[in-house]
Structure formats: structure tokens, C-alpha cells
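> First the structure, then my questions, so here it is.
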Amino acid sequence: MPLITLILLPFAGSLVAALLPANARNAESTLAGIVALACTLQVALLFPEMADGSVLRQEIEWLPSLGLNLVVRMDGFAWMFAMLVFGIGSLVVLYARYYMSPADPVPRFFSFLLAFMGAMAGVVLSGNIIQLVFFWELTSLFSFLLIGYWYHRKDARRGARMALTVTGTGGLAMLAGMLVLGHIVGSYDLDNILAAGQQVRNNHLYLPALVLILLGAFTKSAQFPFHFWLPNAMAAPTPVSSYLHSATMVKAGVFLLARLWPVLGDTDAWFWLVGGAGTATLLIGGYCAMFQHDLKGLLAYSTISHLGLITLLLGLNSKLAAVAAVFHIMNHATFKASLFMAAGIVDHESGTRDIRRLSGLRHMMPITATLACVASAAMAGVPLLNGFLSKEMFFAETVFLDAAPWVKTVLPVAATVAGMFSVAYSLRYTVDVFFGPRATDLPHAPHEPPHWMRVPIELLVLACLLVGIFPAWAVGQFLATAAAPVVGGDLPAYSLAIWHGWNMPLIMSLVALVGGILLYTMLRWQREAGRFEATPLLSALSGRRAFENLLARITQAGRAGRRALSTRRLQWQMLWLVCIAITATALPLWLQGMELGNRGTLPVSLPFVLLWAIGSLCALGTAWKAKYHRMTALIMLGGTGLCTCLTFLWFSAPDLALTQLVVEVVTTVLMLLGLRWLPKRDKALRNMVDNADARARARRLRDLVLSMIAGGGMAWLAFAMMSRPFYESSSTFFLEHALTGGGGTNVVNVMLVDFRGFDTFGEIVVLGIVSIVIYALLRRFRPARETMDIPEQQRYVPGDLQTDLLNPRNASDTAVGYLMVPAVLVRLLLPFSTLVAAYIFMRGHNQPGGGFVAGLVFSVALLMQYIISGTQWVEAHLPLYPRRWIATGLLCALGTGLASVAVGYPFLTSHSFDLALPLVGHVHVASATFFDIGVFALVVGSTMLILTAIAHQSVRGHRFHARLLEEQEQQAREAEAAVQAATAQALARGGM
């Protein structure tokens, strides 16, 4: 099975999970479990190859000329992380099945979880550093959705926003660092980068690349000073916290540090930056964890501390320390995931996570209490558990470090103090919660959870015991396989034995255990004496206030800048845009110089000069009449567009001319619809004000000068480019390979659907997004009341208006009124236009035409129906559903690209073949035809969605007035009926 399946399968499962009904709780969890378990088994089966030192690699060409191919790569270190991602992910899915409430939107939860799993797998298995950054940012996005899953809670929204802001910003910095790193090496391929360590470290750009990449790693793994976001992320459901903060998201930062350790490590800058941040994080996280009252808050700060420990190990520039870091990554994932799940069980069964309210739960939940105590002891580094082994290796590295004397003194002390902190908060997690008298004021009566909810914790705790008691047998080969790629060579000598004799690391472990117990006892005495809350250092170390102040200041600065630079006046906005565009164009030309070429000019053609004289006069007339005579200006603007079409024909560009002609028609209709809703302007009053105001005359003069500069500059730039000789032009390549490589003789169309097909795909995606955004914005637009008046010749017969508007199927047919002739003509024109559009589409690969032009031609034919027959009549008899056209077009274009990938070619690679059709004969067909069908469908859908959304304003307004009129008539009928009833009663009484 190809490696890329490990990435695609979770995303596919995410899509399926999102489509399942909300009440399919078992189906959702079963689907997620099958996906995670299948990936786990697939990774596990690859271990023999990883143990031999093999590197599995799968590469899909994308942009080979830029060094950007899709590369999936697995070595021993990636294998270990993939096992953590999928293995613990499988246990989390099982746990979440019982943790999540039936009232929760479970499909959304499992959809986000599987998508996050796929993104994390992409980070671990990426063989291209730019590809790694892409999946890196996806983990930030999906973690934002998971943390904010309970979006009705303010703390969840705040925590999700904070996590996305910090990690997303760090990811952008990391992208810049990866670009610099790729520039140094000359390749973005991970194998090439891992082999160029000395080259990178000797380069003058090493330090900028290092700082930028460390910003990404530190923000993701919550290293000081970016540690504050992780405790706020505890608002997520406990399965999310267990998964993100034990084996996946926060481990991505230390994964990157270990991944690039052979390249960026072994320098003084690495030692001080990475080691310093790790030491600070180790101590701050451990100190803050002791004073937390929330179980998950305690585990969050302890996670920060242990991440600091791993970072510190990676910063020591020692191969043995790197092995210890890999070992602790494995151990931390097992005991921390089990501790989060145990905290979730406590919360699920008792109704609270407040340590101050919890006590004596071992009497009500003995099995859960035992499991939590074992996992907590592993976190504290108690002997015969896995955490003890990796922490003892950490102590040994701080003692035998080859560094300055003061560092060799300070670092072991800091490590021992951090060990004391871990013992203290581990005791608080267990003793304060599970021992002591029974709690009596809990929201629920605690009891053991369902057995299958406890199974993931049991398996993880069993792993802690096996590794702690039989380390060499349980984890020896796995650790060697995972650590070898990190150290980048032969593994250093190390031992996983439980007993190494009496030495300094063992003494440090004992001091940490005893000191931690004493520290916990002292803090408990303080709590009982009412002084436990006296921790002023906590607020200073949390970082949350500093983050919120920074955001507030940035927001304030942004508002001040907006007030200073922005305006609601459209004219000033256009002035700024034009000035910036002129400056951005002129500055590089001024600095680098731009001279006219010496290419010979063609003789002057009188017809062409006359053509552009007409076009220029139309443009000037448009500017002159645009203020008060909008219709006249629009007609003249159409004349300028027609001159542009003829110019394209003059220069032998029929494709551009055909496209420009149809675009002119569509944009003219668009502007007409826009003019429909603009308010009228009082010309006499405005002229009087303008003539009395000297500033208005100066403003018009300024705009005239600016427009002349912009127009003259563009004309000069175009002439300068055309007067220069073209050597080795790319057009020669396309002319030579259009038929052989793309299967078509129309070079322009072949470029759009084949050579530059990816660009075209991006453009149609943007077009679809823009049309949907315009549609959404116009749903809230309400035109002015005076613009809603219907022209006299279009007024309905009294009594028909509200009937037609409230029941569109009965809308009046304009073919029987004053528009009978044009209505009949456009209906006859529709099938003919459809035939023309099909003809233009089919000939596009070899002659002028294509999907874009054909889509516009078909759209114009449909627009004519709307213009003549009316919106309601057309939609009642010819439903279009533009959004479905857009979706169909995107899926068709994407499917064409993926089909080429499926057969081993780059995305959107075109193939041509001949078909033998009965009665027709041999027909030459290119696979790009299906991509062009997608372009056609999306253009039709987007054009109709935008234009009909604008036209619907009249329908909305008239429908509102029709309903209002109907309500008034109903009230009048009711009042008349009441009067008649009263009259009848009066007559009856008079008769009596």
C-alpha cells in the first residue's frame, strides 16, 4: 500500500464522517476507529524495513522545475511518530465514543479529529519542507476547530483563537525560514537538506534561518515565551486535549527540532537558543503546574514542562541527549495521554475537575484511581516506570555535559528542581483527588466508567509498566530505530538497564523524589493555612495578559491607521490605489532603468490609427459623461471595448478578440444592473456647488493630470516592451509543443488547459469563490425605495402583481404584452445560442474558442431570457441552480487533474486519443476536454449567480410590497366583514 494512503485515508474518513447524520454516533466512532486502526496496522507492518535502516519514499511530480514535488517519506523517526499519531489516535477515538454526549454534534467532532490526524500525518511523513509547512498550518487550522468545538462557550472561542494566532503566526515565520534553508541548500527536498548540514551551518544565512524555524517550533510546542496558549486550549473536549497535547500537535515542534537536529544543531547559537528556551520552559511549566486547581490545567502546565525537557535535551548538542529526547517523547505520550483520559473520566463521572472539590475518589472509582496513580508516578519519574528511565538519562546529560563550568553547575540544579516540581504536581494530581475523605458536594455521584472507556488507559499504563520493568525488551529496538535518523549516523553507546549503580543521576533522581514529596507537603500545609493562593509569580508567567494587551494594542493601532488613511469616499480610495500603482511601477523602473528598444517599427496604418482615434474619443466621452449621463457613458465605454476587440483581431489574436467581445456584453449587462440601483443626481444643484467651489475645480485638474500620467506611463511601458527584441521567448516553446505535448493546434487553449492548467484551475476556483461571496453580500443589500418603481410600460394589471410575485409559477408572460416580439426572438435564440456555444467549445482545442468563451456565450443567451421575459418567469420555467453549476465545474476540473495523478502523471497532465464513432468516424479527443467542461460549467454558474443576484433585488422589493399590499387588502376585507356583521346585527335587533 503506498505511503500517501496514510495521509489521504484520514482526510477521506473526515469527509465521510461529515456527511453522516447527527444521530449516527456508533457509525461515526466506528468509522473513525477503523480509519485510525487501519493506518496503525499499516505503519506497524513497515517496522522490519525501518529496523534495517531503510528509507521509504514516494514522489509525485508537481513543479519539478521549482523543486516542489509531493514527497512522502518514512524513516525510523517518522515511523515512531506515525505510530504515536495513529496508535494513540485509535485509543482516543475509542475513549471519545463514551466521553462525548449524545447531544453533541458528533459528526463534526470526528470529522475534525480525522482531518487533524491526516494533517499531523502529513507533517510527519513530508519529504519536502514546503509541503511540511503546508501540513503544519493545517494542524493549526484543525486544532482551532477542535479547541473551539464547544463554540457556545466563551473560553473555548478564546482558547481556539489564541492557539491559532500564536501557532499560525509561528508557522508563517517558519515558512520564511524554510525558504531561506531551501535557498542555502539549493533544494527543498528533505533528503538533500539532511545531507547538507555542514553547508547550512557554514552559510551566512544560517542564523536567520535558525531563528525563523525556531519561532515556528517554539510556538507550536508552547516553549517560553509562547507557552501561554496551551493552558487556554484546555477548553477543548478531553479527548481532544489527550490527543493534541500528548502525541500530536504540541509534539510537532519538538518533532521539527529533532528532524532538523543534524542540519541546524551542533552550534553555539543552537545551544543557547534551544537550550535556553527549554530550560526556562521546563522550570516555568513545572512551577505553574503545582498551583493549578483544574486537573486539565495542571496537566497542561506539566505538558509544557516536559516539552521544555525534550527541547533542552535537543539543545545540548549531544547525540546521547538526542536519543534521550526521542525516548522521552515516547514515554511522555503514553503517560500523558492516560492522565488526560483519567482526568476526563473524573470530570465525566463526578461533574467537576476542580481539585479543591475532589477527594477520596479511590473509594468510588478504585480501578481508575489505580491507573491514574501509576501514570502519575511515571510522570513523576518513579523507578520501575518508563518516565524514570528517560528522566534519569536527562539527569545524566546535564551532569556529563561538555560546557562552561557555570553551565555544568546551574543545569543539574535546574534539572533537579524541575524533577521536584514534577513529583509535587504528580502528588497533587493523585493524593488530593483520589485519597483522603470522600467528597460529598459533587455534582454527580462518582462511579467507574464503562469498561471500554477505561481500556485505552489500561493499555497505555501497561505500556508504562512494561517499558519501566523490561526496557530493553519492550522498547530497545524501537528506540534504536527511531533515534538513528535523528543523530544522523551511528548511535552512541547507551544502556536501558534499570540499575546502573550508585551514580550522580540516581542521586539526583532520589533528591527530586524526596524533595518533591517535601515540597508537596509544604504546599499542602500552606493551602490548609489559606496561603496557597499567594503566587504572584503565576500571573507574570502565564503570558495571557501580555498576549491580550498586545492584541489590544495592535487592534488600536489598526483602527488609528484606518482613521488616518482610509475614507468612505470612493474617489479618494481610487486616488490612493492609482497613486500606489504608479509608484510601485515607476520605482523599480527608476532604480534599474528602462530604455526603449531598437527593434524596427512597422509602417503607420491609417485604418488602425482611425480605429484607435474612435476608441480614444469613446474613452474621453465616457469620462466626460460618466457623472450625470451614465447610460451615454456606458454606451461609449462599449465602443472602446469594441475597438479593443478589433485591435486583438488586427494583431492576429482571435481567441482574445472573441473572449473580449463576449466579456463586453456580460460586463455591460452587469453595469446596467448596477446603474439600476444607483440614486439619481441633481445636475443643476451639483453644478452650482461645483462652480462655487474652487476646490472642486482643482480636484478635477488633479485627476486629469494623474490620469494622463497613468495612461501615458502604461503606453510608454507597452511601447518599450514591444520595441525590444525577444530572444528565447517562451512562446516558441508553446508553438513547438502545443500539438505534440497538448494534442491541439490552438496554442492559447492548450496553454490554458494543459501547460498552465494549474493556473487556470486556481483562477476558476477564485471566480467561484468571488461569485458566492457576491451572492452572500447581495442577500443583505436592499436598494432605495425610489429605485423600486416599475416603468409605466411594465406595470401589471391591478390585482395581478401580488399574485404573480407570491406565486412565481403564475407570473405574467411578457410574450403577450408590449415585449412580445423580442420575447419570441430571444426564446428562439436560446437553442441557437446553445448550439453556437457547443460549437465554440468543441473547436476550442484546435481553433479559436474553448470552455471559457463558450460559457460566456451560453450565459449571454440565458441573460437575454432574464432581460426580456423577467426573472420570475424564467426561473419558474427554466430553473438553473447556479451554485450547482459551480460545484459541478470544480469537481469536473479537479477530477480531470486527479485522474492524471492516478495513472502516474503530474496533476492536470493532458493526454490525447482517437475515438472511432459510428456514422462519425475517427474523432480526436484530448483529456483536457473534461477540464474545459469544468471551466464551462463554472463560468456559466458564476456569471448567472452574480448577475441574477443583482437582478433579484427588484424581485425582493416587489415581493415585499406585494405581501404588504396583500396584508392591507386582507385587513380591509376583514374590516368590511366586521362592518357587515355589525350592520346585520343592528338590523336584526331593529326588526325585533
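> If I model a spin label as a point 7 Å beyond the Cα along the Cα-Cβ vector, how far apart are those points for residue 590 and residue 650 in nm?
My value for the distance between the label points is 3.3 nm.
> Let me ask another. Under a point-charge model restricted to the Cβ atoms of Lys and Arg (+1) and Asp and Glu (-1), what is the dipole moment magnitude of the chain relative to its Cα centre, in debye to the nearest 20?
Working: 68 positive and 54 negative charges, 665 e Å.
The calculated dipole for the chain is roughly 3200 debye.
> Which order results if 576, 270, 502 are arranged by neighbouring Cβ count within 10 Å, fewest first?
502, 576, 270
> Any idea how far the Cα center of region 561-589 sits from the one of region 457-492, in Å?
61
> Right, next: Starting from the Cα of residue 391, draw a straight line to each of the lysines and keep only those under 22 Å, dropping any in the same chain fewer than 8 residues away.
251, 319, 336, 408
> Using θ = phi - 60° and the Karplus form 6.51 cos²θ - 1.76 cosθ + 1.60, what ³J(HN,Hα) does each residue of region 449-455 get, whole Hz, x for Gly and Pro?
For region 449-455, the Karplus curve yields x, x, 4, 5, 6, 8, 4 Hz.
> Hey, can you grab everything whose amide H is under 5 Å from the amide H of residue 128? Only 5+ residues off in sequence or another chain; H modelled, so Pro and N-termini drop out.
Those qualifying (amide H under 5 Å, at least 5 residues apart or on another chain) are 71, 190.
> Also, quick follow-up: For region 267-528, just list the percent of Cα-Cα distances falling in each 10 Å bin from zero outward, please.
Binned Cα distances yield the sequence 7, 31, 34, 19, 7, 1.
> In nanometres, what is the gap between the two model label sites at residue 195 and residue 367, each 7 Å from Cα along Cα-to-Cβ?
5.4
> Using only the alpha carbon atoms of the chain, find the Kirkwood hydrodynamic radius as the inverse mean reciprocal pair distance, in angstroms to one decimal. Working shown, then result.
Numbers: mean 1/r = 0.0295 Å⁻¹.
Kirkwood radius, the chain: 33.9 Å.
> Still on this structure: What relative contact order, as a whole-number percentage, does the chain give when Cα pairs under 8 Å and 6 or more residues apart are counted? Please report the intermediate quantities before stating the final value.
On the way: 1379 pairs, mean separation 82.2, N = 992.
8 percent.
> Okay, next question. What are the ³J(HN,Hα) values, in whole Hz, obtained from phi via the Karplus relation 6.51 cos²θ - 1.76 cosθ + 1.60 with θ = phi - 60°, for each residue of region 168-180 in sequence order, with x given for Gly and Pro?
x, 5, x, x, 5, 4, 5, 4, 4, x, 5, 5, 5
> Let me ask another. Cα centroid distance between region 368-444 and region 295-310, in Å?
Between the Cα centre of region 368-444 and that of region 295-310, the gap is 11 Å.
> Between helix 694-722 and the chain, what is the angle of the helix's C-alpha long axis to the longest principal axis, kept within 0 to 90° and rounded to the nearest 10?
Taking Cα atoms only, the helix is inclined about 80 degrees.
> OK, next. Work out, step by step, the length gained on full extension between residue 47 and residue 668: first 0.36 nm times the residue separation, then minus their alpha carbon distance; give nm to one decimal.
Numbers: separation 621, 0.36 × 621 = 223.56 nm, distance 6.48 nm.
Result for the pair: 217.1 nm of gain on full extension.
> Please arrange 296, 391 by counting, for each residue, the other beta carbons lying within 10 Å of its beta carbon, fewest first. Before the final figure, lay out the partial values.
Values: 296 23, 391 30.
Fewest-to-most Cβ neighbours within 10 Å comes out as 296, 391.
> Can you put 647, 521 in order of Cβ neighbours within 10 angstrom, beginning with the fewest?
Details: 647 17, 521 13.
Fewest-to-most ranking of 647, 521: 521, 647.
> Would you mind computing, in nm to one decimal, how far apart the modelled labels at residue 60 and residue 408 are, each placed 7 Å from Cα along Cα→Cβ?
5.3
> Then there is this: Subtracting the Cα-Cα distance from 0.36 nm times the residue separation, let me have the gained length for residue 847 to residue 293 in nm, one decimal.
Values: separation 554, 0.36 × 554 = 199.44 nm, distance 7.42 nm.
Gain on stretching residue 847 to residue 293: 192.0 nm.
> Determine the gain in length on full extension of the stretch residue 569-residue 495; use 0.36 nm per residue of separation and subtract their C-alpha separation, reporting nm with one decimal. Before the final figure, lay out the partial values.
Working: separation 74, 0.36 × 74 = 26.64 nm, distance 7.39 nm.
Additional length available on full extension: 19.3 nm.
> For the chain, what does the helix formula give at 222 nm: sum of -39500 (n - 2.57) over DSSP H segments with n ≥ 4, over the residue count, nearest 500 deg cm²/dmol?
Numbers: 41 runs with 712 residues, N = 992.
Mean residue ellipticity at 222 nm (helix-derived): -24000 deg cm²/dmol.
> On a 0 to 90 degree scale, rounded to 10, what angle separates helix 206-220 from the longest Cα axis of the chain?
The helix 206-220 is inclined about 80 degrees to the chain.
> Now, a different point. Per-residue counts of other Cβ atoms within 10 Å, averaged by peptide: what ranking do you get for 362-373, 664-675, highest first? Can you show the working numbers first?
Values: 362-373: 19.5, 664-675: 16.0.
Highest mean packing first, the order is 362-373, 664-675.
> Next question. Can you bin every Cα-Cα distance in region 1-264 into 10 Å intervals starting at zero and give me the percent of pairs per bin, rounded to whole numbers?
Values per bin, smallest distances first: 7, 31, 34, 21, 6, 1.
> Here's another thing I want to ask about it. Using alpha carbons only, how many angstrom separate the centre of region 227-261 from the centre of region 70-108?
The two parts, judged by their Cα centres, are 13 Å apart.
> Using Cα pairs under 8 angstrom and six or more residues apart, how large is the relative contact order of region 267-528, in percent? Provide the component values of the computation, followed by the final result.
Details: 403 pairs, mean separation 67.2, N = 262.
Averaging sequence separation for qualifying contacts and normalising by length gives 26 percent for region 267-528.
> Would you please put 753-762, 332-341 in order of how densely packed they are, using the mean number of other Cβ atoms within 10 angstrom per residue and starting with the highest? Display every interim value, and only then the final one.
Details: 753-762: 20.0, 332-341: 27.8.
Ranked by mean Cβ neighbours within 10 Å, highest first: 332-341, 753-762.
> Work out the FRET efficiency for residue 777 and residue 695 from their Cβ-Cβ distance, taking R0 = 25 Å, and round it to the nearest 0.05. Write down the numbers at each step before the final one.
Details: r = 34 Å, r/R0 = 1.35.
Using R0 = 25 Å, I get an efficiency of 0.15.
> Quick one: dipole size for region 333-478, taken about the Cα centre, charges +1 on Lys/Arg Cβ and -1 on Asp/Glu Cβ, in debye to the nearest 20.
Working: 10 positive and 10 negative charges, 37 e Å.
The calculated dipole for region 333-478 is roughly 180 debye.
> Starting at the first residue of region 627-632, write each ³J(HN,Hα) from the Karplus equation 6.51 cos²θ - 1.76 cosθ + 1.60 with θ = phi - 60°, in whole Hz, x for Gly and Pro.
Going residue by residue, I get 6, 10, 10, 5, 5, 4 Hz, with x marking Gly and Pro.
> Pairing the Cα long axis of helix 544-565 with the longest principal axis of the chain, what angle in degrees results, from 0 to 90 and rounded to the nearest 10?
Roughly 20 degrees, rounded to the nearest 10.
Each value in this text was obtained by applying a stated rule to the coordinates, not by laboratory testing. If you're wondering where the values come from, they're calculated on a predicted model, not measured in any experiment. Ideal geometry is used to build each Cβ from the backbone, glycine not excepted, and the neighbour counts take in all protein chains shown.
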